[in-house]
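The values are calculated or read from the model by the stated rules, or taken from the named source; none is laboratory data. Nothing here was measured: the structure is a model prediction, and the numbers come from that model. Note that we place each Cβ from the backbone using ideal geometry, even for glycine, and neighbour counts take in every protein chain shown. For accessibility, only protein heavy atoms count, side chains too; no ligands or nucleic acids. Shrake-Rupley method; radii C 1.70, N 1.55, O 1.52, S 1.80 Å.
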Amino acid sequence: ATVDLVATERERGHVEAVRLLTEGRWSAAGRVLEDVSIAYPWDALALQVGHLMDFYRGDALNLRTRVSRVLPAWDESTPGFSFVLGMHAFGLEEMNQYTEAEATALRALALERKDGWAVHAVTHVMEMQGRIDEGVRFLADRENDWSPDNGFAFHNWWHLCLFHLDAQRHAEALALYDTRVHPGPAQFVLTLIDATALLWRLRL
């Protein structure tokens, strides 16, 4: 027997976004996911994938606004709210709204200490404001939250390296490169990007 499956409007949006991505049409795919998010603000997959697409494309405005549009539908009673706050915090930081970004990220971390993206947002704020020693302490104090079993940890380690570089502590940065940022064969292309960027900075 066969079963006829009828996709919902939301599911058709996801399929269309995937199709556009396979064609290399990232902006169009991002707009489709934006429509999905507007119609279904609790669709965390559409929101996060769209957010990452904005990130990879360097679209700072949508890094903030994509999340801002759906945020009124979320609150502390909604599972995953802390992670939505973490995404919003990073978007705020990328739009140079540093005070709001840090407050939003810290609110996210108060709800979920292991949110590596919220940690990342705070780290960006401190880097942009030249709060080098504070940034080192922030990452070190929370290492057990953002580092273990986190596929994004290498990037937060990279940010710690940048703080050390800002402070002219080149040996510390190189040691972290060897042990944390790129200790072996890379599992993600992003790891190679961070590794290359750090070696380039060290060379300079």
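Quick notes on this structure:
- Segment 35-94, accessible surface, carbon-and-sulfur percent (1.4 angstrom probe): 60 percent
- The chain: relative contact order as a whole-number percent, Cα under 8 Å and 6+ apart: 11 percent
- Here segment 98-204 yields Rg over Rh of 0.96, to two decimals, using C-alpha coordinates and the Kirkwood radius.
- The listed peptides 115-125, 77-87, ordered by packing as a protection proxy, come out as 115-125, 77-87 (highest mean of other Cβ atoms within 10 Å first).
- Among Ala167, Ala140, Ala89, the residue with the largest mean-square fluctuation in a Gaussian network model of the chain, with springs joining Cα atoms closer than 10 Å, is Ala167.
- Per residue, the chain exposes an accessible area of 54 Å² to a 1.4 Å probe, with every protein chain left in place.
- About its Cα centre, the dipole of segment 1-129 is roughly 120 debye, where the only charges are +1 on Lys and Arg Cβ and -1 on Asp and Glu Cβ.
- Positive minus negative residues near Glu134 (Lys, Arg vs Asp, Glu; Cβ under 14 Å): -2
- Mean separation of Cα contacts under 8 Å, 6 or more apart, over the residue count of segment 1-83: relative contact order %: 21 percent
- In the chain, the ratio of gyration radius to Kirkwood radius, Rg to Rh, stands at 1.02 when only Cα atoms are counted.
- Given their separation in residues at 0.36 nm each and the Cα-Cα distance between them, Thr65 and Gln168 gain 33.5 nm when the chain is fully extended.
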